[in-house]
Amino acid sequence: MLCEISQSQKDKYCEAVYLYGVSRVVRFKETESRMVGSREFQFGKMKKCWRWMVGGPEGILQNGAVDDGVAKTSQLLAELNFEEDEEDTYYTKDLPVHACSYCGIHDPACVVYCNTSKKWFCNGRGNTSGSHIVNHLVRAKCKEVTLHKDGPLGETVLECYNCGCRNVFLLGFIPAKADSVVVLLCRQPCASQSSLKDINWDSSQWQPLIQDRCFLSWLVKIPSEQEQLRARQITAQQINKLEELWKENPSATLEDLEKPGVDEEPQHVLLRYEDAYQYQNIFGPLVKLEADYDKKLKESQTQDNITVRWDLGLNKKRIAYFTLPKTDSDMRLMQGDEICLRYKGDLAPLWKGIGHVIKVPDNYGDEIAIELRSSVGAPVEVTHNFQVDFVWKSTSFDRMQSALKTFAVDETSVSGYIYHKLLGHEVEDVIIKCQLPKRFTAQGLPDLNHSQVYAVKTVLQRPLSLIQGPPGTGKTVTSATIVYHLARQGNGPVLVCAPSNIAVDQLTEKIHQTGLKVVRLCAKSREAIDSPVSFLALHNQIRNMDSMPELQKLQQLKDETGELSSADEKRYRALKRTAERELLMNADVICCTCVGAGDPRLAKMQFRSILIDESTQATEPECMVPVVLGAKQLILVGDHCQLGPVVMCKKAAKAGLSQSLFERLVVLGIRPIRLQVQYRMHPALSAFPSNIFYEGSLQNGVTAADRVKKGFDFQWPQPDKPMFFYVTQGQEEIASSGTSYLNRTEAANVEKITTKLLKAGAKPDQIGIITPYEGQRSYLVQYMQFSGSLHTKLYQEVEIASVDAFQGREKDFIILSCVRANEHQGIGFLNDPRRLNVALTRARYGVIIVGNPKALSKQPLWNHLLNYYKEQKVLVEGPLNNLRESLMQFSKPRKLVNTINPGARFMTTAMYDAREAIIPGSVYDRSSQGRPSNMYFQTHDQIGMISAGPSHVAAMNIPIPFNLVMPPMPPPGYFGQANGPAAGRGTPKGKTGRGGRQKNRFGLPGPSQTNLPNSQASQDVASQPFSQGALTQGYISMSQPSQMSQPGLSQPELSQDSYLGDEFKSQIDVALSQDSTYQGERAYQHGGVTGLSQY
């Protein structure tokens, strides 16, 4: 409460309160307009003394009369003008210095001082999942703290007793056996050393100081519920924004967030663009945001006091080896990155040199190697006092901006058809007249299966195609075959791109096998890096050109002496340019990264046909770099059910930069052609990913017998299913970086499983360990090498990496360590269905998942997986040599809903509500205006998949896809009867969450869900057996229109006809829009429309 009183009143009141002990906090507000500061009095402790002074309870004298003092006080209180205290002001005005910078709680026992940011934070969670101090340490990347001097433990800097390490994320405690004391030790190396100094310490008892993102309560008290409710309420979003603001202005407060101009969001990407100028105006700022973030990240990475080891490369260039201290940066060092090395000591003249990274840290060692551009003056005799700076290069971002500009201003950059298609305009479909080859398989490559042949045939006749290649379906072979046929048409060189160098190299290798003339164009900074296709690289092909003897002589001279005279250098460069042009013009295929397509050497060239592999891993502006080189035929290959592009800047990612061009085109209605036969996984391993991520459409090109390893002696819980989920009850801990997690129990189990696989006969280089967290990855590398029972070399050859690093690759055996195990935090990264899809589809012979089912089962997708493993009897626990089925129970799986886009099917990651993907009046518009009712059968859904069959199927001859999850029946009016509802659909209804109206991303209310009588739209998918054989569902007899749906048949979220998933979806419509394997054709009777008999 606040009260207005004069100074004299105040003095009298103080006196009265002093006597009568009002047991609450009273605060005075000065009556003058300026606040001099309020004073607080806490008089609850004085109750005893007023009784003694007044001589009776409540100030009443023995004779019943009221004491004068009490009367005086009552009168004074009556004169006071009480006003309601606003909740906020309690914790904003005149808080002590040690109050929590987020919420204002200031109990000394509850607060902790951050030594780096010089701010105090409490150990309460408030409205967030972790305590305020831990939230701050993680977001600000700080690690050292001090307790308050008035707290129970006094002013203490938390540090390791053994080595003095102050990183709180590394610190933990061991209770000493004899005394009632605890010892603080860091996780590594001190707590893991076998010879701990004091015999009283049992290192197996070590526990981290931070558990469940809170400091342990005996160390820092957790504020009571009441205190937290009285404190300032702050949300996780506000905390994020405040932390961002503190980076620029450390004294900023929560009030500053309200100021205009703070935290302005960039414009969100659209689905359609009016013209290329609007397109450039939206993507340009996002590319700049990402560039600025990247620059800031690189330039903040300066490291001092580096020790260097010098060496001389085979090409006579100096190589510097050094190790960088572990940082918590999001930055990943790549081969080809530029680094500036400076000498700052006194033993040699000051020097600086720039070089390219040629080696990055790996399982064998943390050394980084850079090759210097020029070794002139390099202080090779000294090894200490060096400084390392990361050189930020704007090249890739400049090329993206340049491509966006070219797209806008240059009419020849792409064909008119592709221009309008990319902007989302409606244009008539075009067929390219070309001579189709008699045999689609390319020479030197494996024979194609039916879906691959269909893909190649379709792509050659279209100006714009999308190919979706699920894991192991031969995407690279298909792409190489397409390129082979395009190059044979003689329309100039074909440009082949991919976002990463590894993907480009893989595809280059395959195309080379067809006998075409291939040139691999590398960035200049990567010319020193060896790859399987180095011999095809432009710079190496020039060296071997016999037609230019003068160039070869100059090259030899340059190699021997290292430098050329200025005249020779000039001549050398001119000759080299001519040779490059000649090679590029005569090539059948030119391969480079997407950003590499912006190389000046390609600037004057025009490419009619362009193929972009792994296009779902590239941002849209990145894809535009090759596209604007004259594309008249564009093929995008990828899989939007696997990982998307990596965007470092959260703001840009949120605005839609993390959505690939492939995904946007899918939402716009360009149907990808899906490859359907997988050749990688044991059939038991492919069942779950096929059913959950690809609507059951994946067929197996390998049998179970093909995927049994000879001479491999490993006991699987179910001999015919080489997979299991190993139940582990460990707790997650925050890793030393503060931004990642690790789980020691899981790490120990992973080591045991790896050792067992190695002993059973698996080769170490064929075992892959996947973990989503860098903290667990680095802990595992150390743990396996120090604690594994086999030779260290064996463990070094086992690849341990993140999900992202394994994308596009395969191993014989995959062990997945989930890490997360907590009460409040959720499962973070594991939430992303695309990550799970990639992790489960890397293995050929066997998959082992190690995790905590209790934490994972709260998430619907993992709940499906756990239930599936339990049904298959491969959810196990116990010692590895005696595994038994786990009795753990999970809730029945709920239907999977796409949280990013509730109107879409589960795996769609597009940023938009696809309800707006249908353009009124287009061939896909289902409204009945001006269209005959039987047209219903002659259209595909534009967002469905193209099947490997005829595109328009007569109503008489409907093929039914295999393993189709049947939708509810259409009402009779859809079958051309005059008396039902209008024959066609108006605006398609995307599924909203759970009925009711739902806002889509553009703030428009979505249509409410139609609840059909007897419909079981929420039927669980798990109630159907996962099968990959013929259809297991019984078919609905169409002659009974009242029977809308049958149990177990309705799972709209998983059907491919995703965006139009309303209750009126007909069986035929889904049959046409599925890209799946046709099991032959089914006769479709005129009469009662029955006859969907089962084979």
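Taking into account only those residues within segment 505-528 that are outside any helix (DSSP H, G or I) and aliphatic (A, V, I, L, M), which is farthest from the chain's Cα centre (by Cα)? Give the steps one after another, and end with the answer.
Let us first name the residues in segment 505-528 that are outside any helix (DSSP H, G or I), namely 513-523, 527-528.
When the remaining residues are screened for being aliphatic (A, V, I, L, M), the result is 516, 518-519, 521, 523, 528.
Values: L516: 37, V518: 34, V519: 33, L521: 30, A523: 27, A528: 31 Å.
Applying the filter and picking the extreme gives L516.
Of the residues that make up segment 431-449, is at least one of a type in the set (A, V, I, L, M), surrounded by 20 or more Cβ atoms within 10 Å (Cβ to Cβ), in a helix (DSSP H, G or I) and in contact with a helix residue (DSSP H, G or I) (Cβ under 9 Å, 6 or more places away or on another chain)?
Within segment 431-449 (the criterion being of a type in the set (A, V, I, L, M), surrounded by 20 or more Cβ atoms within 10 Å (Cβ to Cβ), in a helix (DSSP H, G or I) and in contact with a helix residue (DSSP H, G or I) (Cβ under 9 Å, 6 or more places away or on another chain)), the answer is no, since none of the residues qualifies.
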Go through segment 696-714 residue by residue and tally those that are touching a helix residue (DSSP H, G or I) at 6+ places or on another chain (Cβ under 8 Å), open to solvent by 10 Å² or more (accessible area, probe 1.4 Å) and in a loop (DSSP other than H, G, I, E, B). 6
Neighbours by Cβ (under 8 Å, 6+ apart or cross-chain): first from segment 240-252, part of a helix (DSSP H, G or I) and open to solvent by less than 60 Å² (accessible area, probe 1.4 Å); second among the charged types (D, E, K, R) and at pLDDT 85 or above: E243/R139
Residues of segment 481-522 being surrounded by fewer than 24 Cβ atoms within 10 Å (Cβ to Cβ) and of a type in the set (S, T, N, Q), in sequence order, are Q489, N491, S500, N501, Q506, Q513, T514
Do the conditions hold for P349, that is, is it touching a Pro at 6+ places or on another chain (Cβ under 9 Å), of a type outside the set (A, V, I, L, M) and not in a helix (DSSP H, G or I)? yes
Which of (1) at pLDDT below 85; (2) of a type outside the set (D, E, K, R); (3) under 30 Å from E799 (Cα atoms) is the odd one out, the single condition G377 does not satisfy? (3)
If you scan segment 104-152, which residues turn out to be of a type in the set (A, V, I, L, M, F, W, C), buried (at least 24 other Cβ atoms within 10 Å of the Cβ) and within 21 Å of Q226 (Cβ to Cβ)? I105, C110, V111, V112, W120, F121, C122, I133
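Just to check your reading of the model, which residue among D613, D588 is at pLDDT 90 or above and open to solvent by 20 Å² or more (accessible area, probe 1.4 Å)?
Working: D613 fails: open to solvent by 20 Å² or more (accessible area, probe 1.4 Å).
Only one candidate passes the filter, namely D588.
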Limited to segment 464-480, what total is found for residues that are open to solvent by 10 Å² or more (accessible area, probe 1.4 Å) and not hydrophobic (A, V, I, L, M, F, W, C)? 4
Apart from one, (1) open to solvent by 20 Å² or more (accessible area, probe 1.4 Å); (2) at pLDDT 80 or above all hold for L551; the odd one out is (1)
So for segment 807-817 (the condition being modelled with pLDDT under 90 and crowded, with 20+ Cβ neighbours inside 10 Å), does at least one residue qualify? yes
Out of all the residues in segment 867-923, which are farther than 24 Å from G696 by Cβ, polar (S, T, N, Q) and either buried (at least 19 other Cβ atoms within 10 Å of the Cβ) or at pLDDT below 50 (or both)? S886, S922
Which condition number does Q301 fail, the rest of (1) open to solvent by less than 50 Å² (accessible area, probe 1.4 Å); (2) modelled with pLDDT of 85 or more being met? (2)
Filter segment 494-531 for residues that are acidic (D, E) and touching a Pro at 6+ places or on another chain (Cβ under 7 Å); the one that is farthest from P621 (Cα to Cα) is E509
Of the numbered conditions (1) modelled with pLDDT of 85 or more; (2) open to solvent by 20 Å² or more (accessible area, probe 1.4 Å), Q193 satisfies every one except a single condition; which is it? (1)
If you go through segment 547-579 one residue at a time, how many are acidic (D, E) and under 49 Å from the mean Cα position of the chain (by Cα)? 4
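Conditions (1) more than 29 Å from G124 (Cβ to Cβ); (2) over 19 Å from the mean Cα position of the chain (by Cα), marked per residue:
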| site | (1), (2) |
| --- | --- |
| G826 | no, no |
| F829 | no, no |
| N837 | yes, no |
| T841 | yes, no |
| R844 | yes, yes |
| L865 | yes, yes |
| E871 | yes, yes |
| P879 | yes, yes |
| Q889 | yes, yes |
Out of the helices (runs of 4 or more DSSP H) lying entirely within segment 772-833, which hold 2 or more residues that are in contact (Cβ under 8 Å) with a residue 40 or more places away in the chain and hydrophobic (A, V, I, L, M, F, W, C)? 774-787
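Could you list, in sequence order, the residues of segment 750-780 that are of a type in the set (A, V, I, L, M, F, W, C) and crowded, with 19+ Cβ neighbours inside 10 Å? Steps first, answer last, please.
First, pick out the residues of segment 750-780 that are of a type in the set (A, V, I, L, M, F, W, C): 750, 753, 757-758, 760, 762, 767, 769-770, 780.
Correct list: V750, I753, L757, L758, A762, I767, I769, I770, L780.
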Only one of (1) outside any loop (DSSP other than H, G, I, E, B); (2) crowded, with 18+ Cβ neighbours inside 10 Å; (3) of a type in the set (S, T, Y) does not apply to S531, and that is (1)
Checking D294 against (1) open to solvent by less than 60 Å² (accessible area, probe 1.4 Å); (2) closer than 20 Å to S525 by Cα; (3) touching a Gly at 6+ places or on another chain (Cβ under 8 Å), which single condition isn't satisfied? (3)
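The values are calculated or read from the model by the stated rules, or taken from the named source; none is laboratory data. For clarity, every value in this text was computed on a predicted model and none was experimentally measured. Reconstructed Cβ throughout: ideal geometry from the backbone, glycine too, with neighbour counts over all protein chains shown. Each accessible area value is taken on the protein alone, full model and side chains, heavy atoms only, with ligands, DNA and RNA left out. Shrake-Rupley method; radii C 1.70, N 1.55, O 1.52, S 1.80 Å.
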